[in-house]
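Here is the structure we will look at, set down as structure tokens.
The values are calculated or read from the model by the stated rules, or taken from the named source; none is laboratory data. Since the structure is predicted, the reported quantities are computational estimates derived from the model, not experimental observations. All Cβ positions, glycine included, derive from the backbone under ideal geometry; neighbour counts span all protein chains shown.
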């Protein structure tokens with residue numbers, strides 16, 4: 001008989017729980033310069049509400065997520081255990097842009113080129129089809145065949161038919177682990193530091209750009225160490241609106257809080273049934289298991305507009321928590 005996994009089985013004792021936590025040590029005093037660099041006081045800790053940053057979840061669409069899961073054999077960077085942020089190394093990025101360029105040549109320029117070769121002799125009588133043999137040969141040999149090989153290999157490796165190129169290595173940036181409660185920062189693919197989530201503070205930093213307009217960033221900073229590498233939470237979205245960045249902080253707290261269900265976003269839909277707290281909440285509230293994945297792209301766009309309208313007058317974060325005096329003695 002299959003054993004039903006409980007929260008006690010799934011989560012380690014070190015996880016973040018907004019209803020049961022030990023008081024944190026007081027924040028160390030900061031110098032004026034450090035306080036200015038961090039943008040003043042940190043954003044408050046809270047028992048996160050259900051708001052999510054719409055600018056973060058509008059891409060990829062549910063159909064794109066389903067296709068990606070199919071191509072990657074259900075492997076994902078975000079599930080019930082952890083969120084992993086990373087990127088390709090520089091050679092991987094070059095290869096990625098080459099594949100995009102190769103696909104563009106094969107799908108757009110090649111049909112145009114064939115059309116020109118067929119039509120040109122009829123439109124310009126001095127030129128015959130025999131005159132075009134040499135330029136066609138040159139373009140095939142030096143443009144279309146290399147582009148097709150690059151694009152074809154990329155498509156085949158993505159679908160698992162061929163091995164990925166050896167230089168396509170991911171560079172880890174940071175990890176949020178819901179199942180352990182730890183936040184891990186990497187540098188050059190090596191662990192730089194790892195601490196409990198409750199030991200971090202979130203800073204909304206503003207600075208003027210070259211046009212004098214304020215731009216905003218969101219950084220997670222360890223409270224008790226002055227690491228030079230913070231965790232850039234603003235990379236979760238392309239938006240620089242303060243409200244959206246505050247919703248990012250709300251979403252992270254919601255994800256890490258094992259006393260609450262995970263954020264209701266498309267990328268976490270396949271993982272909801274695997275997380276005991278989330279699965280129990282979904283069953284109690286009759287949430288459709290495929291709420292997001294049952295939508296086509298038009299329905300998804302409409303759902304996002306409705307969500308944006310609903311959240312317009314909702315607070316960007318939940319009820320504030322006193323992290324230093326609101327819990328139990330450590």
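Every condition in (1) touching a residue at least 60 places away in the same chain (Cβ under 8 Å); (2) surrounded by fewer than 14 Cβ atoms within 10 Å (Cβ to Cβ) is met by residue 182 except one, and the failing one is (2). Residue 127 meets all of the listed conditions (1) in a loop (DSSP other than H, G, I, E, B); (2) assigned by TED's automatic domain parsing to the domain that holds residue 26; (3) farther than 24 Å from residue 13 by Cα but one, namely (2). For the range 205-224, the count of residues that are at pLDDT 95 or above, more than 20 Å from residue 45 (Cβ to Cβ), in the same structural domain as residue 175 (by TED's automatic domain parsing) and loosely packed, with under 15 Cβ neighbours inside 10 Å is zero.
Of all residues in the range 306-330, those being assigned to a helix (DSSP H, G or I), surrounded by 11 or more Cβ atoms within 10 Å (Cβ to Cβ) and either free of Cβ contacts under 8 Å to residues at least 40 places away in the same chain or touching a strand residue (DSSP E or B) at 6+ places or on another chain (Cβ under 6 Å) (or both) number 1.
Scanning the range 260-277 for residues that are surrounded by 16 or more Cβ atoms within 10 Å (Cβ to Cβ) and under 22 Å from residue 61 (Cβ atoms) yields a count of 11. Scanning the range 234-274 for residues that are part of a loop (DSSP other than H, G, I, E, B) and closer than 23 Å to residue 312 by Cα yields 237, 238, 239, 240, 241, 260, 261, 262, 263, 264, 265. Would you mind stating whether residue 121 is farther than 30 Å from residue 193 by Cβ, modelled with pLDDT under 85, part of a loop (DSSP other than H, G, I, E, B) and in contact with a helix residue (DSSP H, G or I) (Cβ under 8 Å, 6 or more places away or on another chain)? Here the answer is no, as residue 121 does not meet what is asked.
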